[in-house]
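What follows is a short report on a single structure.
The values are calculated or read from the model by the stated rules, or taken from the named source; none is laboratory data. Since we're looking at a predicted model, the values are computed, not measured. With ideal geometry, Cβ positions are generated from the backbone for all residues, glycine too; neighbour counts draw on all protein chains shown. Ligands, DNA and RNA are excluded from the accessible area calculation, which covers all protein heavy atoms including side chains. Shrake-Rupley method; radii C 1.70, N 1.55, O 1.52, S 1.80 Å.
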Amino acid sequence: MRLRTKFSLFSSTLIIIVIAGVSIFLFIAEKRLLIKEMKEKQVTMVKGFGQVSKESLISKDQISLINYVRTIKEERGVVYLVLVDSQNKIMAHSDMSLLGSAIGDSVGLKAQEPYQDIITQMYRDTKNVEIADIALPIVISNERVATARIGFSQDVLNEIIKKILDQTRNRIFGVAGVALLFGLIGSFIMSQIMTRPIKKMVEGARQIGQGKLNTVINVKSKDELGELADDLNLMANQLKELDHMKQDFVSSVTHELRSPMTSIGMNLDLFIEGSYGPLNDEQKNTLRVMRDNASRLGRFINDLLDVAKLERGKMEISPVPMAVNSAIEGPMQLAKVQADAKKIALTAEIPEGISQVYIDSDRIQQVITNLLSNAVKFTPEGGKITIKIKDTSDSFIQVSVCDTGMGIPKDQIEKVFEKFEQVKGTREQIKGPKGTGLGLAIVKALVELHGGKIWAESELKKGSSFNFTLPKYKT
Ligand code: ADP
């Protein structure tokens, strides 16, 4: 899973947990507050009833008490109001027919304990309604003369609370939904911002790992990520310096080796030709092996020098307008000798009227020689090698060297163009010199110096085709 996905998932989960937690907390707090408010309202109502009852008892004014009882009875949730004297006889009741009766099961009301303070008693009435009966003693001149009681239906109360809580819940859902949406968008943007420098560093480190030591990782943040990017850049610079030192070393060593190697080769040729006196067959054969080894070493030295030049940007080409055929003929003749030895058919398919190209003939011959020599090396006896030329676009022609050889596994096709890369297991399969893995790296760099590109297509055990483009000459 990618870092950005992990980060987004983590922060989204955190946001969901926080929003859900806050929502649940708000809901519970709202519920508690609501119940508390309802209870306080009930107590206030009972206190108001007690006050009115007390004034009516003192002033002996029944009318205002009756009016008050009627008004309060209309309030939602109020089941009854009752004022009883010290003997529990009903002095006022929201049901006028019960006036004068004594409190007891007959009127569906339990007697209240003679507490001096306000008390609440829960019970179910004859209609099985759960009642919260709140009673307030009325004290006149230190004597408890009556008790004012209001019965509230718990079911109605619960219904009111439920309705309000439903609205609250919907509101919380709405707000939480919007917060969640913004939170998720925010977390996505944050994860993008946070992982961008990491992505840059991963890409940069990959490029450095691939040997592109000029890579600069552009992360400017003033935190650990910025420090890491600076360290990676420093590391790339040091690697570049080391690489330059290595290239300088290789260049000077190979330079020193080239002249003696050429002179060894030339002298061996003179020996073999008999210029220094007659030799027997055994001596000649030994000298031929020595000469072949010397020329292979010479080629390797030249390849190393070319690579060093290309990597330093010191390789220069001198392109001239020419027919592509002339760059193909020489390498074809060279390769024919090797191809004939392996009974490989070597042909070229060049359509009539193909455009002139603008190339450095020596360098492109080097490219074609290399590709042909690979094709011969990796194609078994009796195979076929074809050079095909195609006019593919306005600015380029395409040259393909196709063989019916061992092919290259898909996962290694790109790699063969890197320095010292050889397909695993091929060294064991070929007879003769095993190669060094430098050829295609040089070929690629030379093609790219001409502004062209190179790529390979291959199928295992069926063959490969190495294709490259060359610029057309524009008059
Ligand atoms: P070398 O031939 O010296 O090993 P190159 O850079 O020319 O080095 O080639 C690199 C590798 O690519 C070869 O070792 C071989 O594994 C693979 N290769 C190149 N050309 C072919 C081909 N025509 N068919 C199959 N494999 C090839």
TODO: Being open to solvent by less than 70 Å² (accessible area, probe 1.4 Å) and over 13 Å from Leu346 (Cβ atoms) is the filter; apply it to region 378-391 and report the residue that is farthest from the ligand (Cβ to nearest atom).
DONE: Ile389
Task: Index of the failed condition, Arg363 passing every other in (1) of a type outside the set (Asp, Glu); (2) open to solvent by less than 40 Å² (accessible area, probe 1.4 Å); (3) part of a helix (DSSP H, G or I) - done: (2)
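Among the candidates Leu287, Leu270, Leu279, which residue alone is at pLDDT 90 or above, open to solvent by less than 80 Å² (accessible area, probe 1.4 Å) and part of a loop (DSSP other than H, G, I, E, B)?
After applying the criteria, what remains is Leu279.
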- [ ] Determine if region 400-423 includes at least one residue that is near the ligand (Cβ under 8 Å from one of its atoms), of a type in the set (Ser, Thr, Tyr), touching a residue at least 24 places away in the same chain (Cβ under 8 Å) and assigned to a loop (DSSP other than H, G, I, E, B).
- [x] no
Task: Search result, residues across region 429-475 that are among the hydroxyl-bearing types (Ser, Thr, Tyr), within 9 Å of the ligand (Cβ to nearest atom) and open to solvent by 50 Å² or more (accessible area, probe 1.4 Å) - done: Thr436
Task: Of the criteria (1) in contact (Cβ under 8 Å) with a residue 60 or more places away in the chain; (2) open to solvent by less than 60 Å² (accessible area, probe 1.4 Å); (3) away from the ligand (no atom under 16 Å from the Cβ), which one Gln356 fails - done: (2)
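Residues checked against (1) in contact with a Leu (Cβ under 8 Å, 6 or more places away or on another chain); (2) outside any helix (DSSP H, G or I); (3) open to solvent by less than 60 Å² (accessible area, probe 1.4 Å); (4) of a type in the set (Val, Ile, Thr):
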{"position": "Gln121", "(1), (2), (3), (4)": "no, yes, yes, no"}
{"position": "Ala132", "(1), (2), (3), (4)": "yes, yes, yes, no"}
{"position": "Ile138", "(1), (2), (3), (4)": "yes, yes, yes, yes"}
{"position": "Val145", "(1), (2), (3), (4)": "yes, yes, yes, yes"}
{"position": "Arg149", "(1), (2), (3), (4)": "yes, yes, yes, no"}
{"position": "Ile160", "(1), (2), (3), (4)": "no, no, yes, yes"}
{"position": "Leu165", "(1), (2), (3), (4)": "yes, no, yes, no"}
{"position": "Arg171", "(1), (2), (3), (4)": "no, no, no, no"}
Task: Tabulated pairs, region 447-475, first within 15 Å of Cys402 (Cα to Cα), second more than 16 Å from the ligand (Cβ to nearest atom), C-beta under 6 angstrom, 6+ apart or interchain - done: Asn467/Gln398; Phe468/Gly452; Thr469/Phe396; Thr469/Gln398; Thr469/Gly452; Thr469/Lys453
TODO: Would you mind finding the one in Gly353, Gly382 that is under 23 Å from Gly425 (Cβ atoms) and either modelled with pLDDT of 95 or more or assigned to a loop (DSSP other than H, G, I, E, B) (or both)?
DONE: Gly382
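May I ask you to verify whether Lys343 is modelled with pLDDT of 95 or more, open to solvent by 30 Å² or more (accessible area, probe 1.4 Å) and in a loop (DSSP other than H, G, I, E, B)?
For Lys343, the condition - modelled with pLDDT of 95 or more, open to solvent by 30 Å² or more (accessible area, probe 1.4 Å) and in a loop (DSSP other than H, G, I, E, B) - is met.
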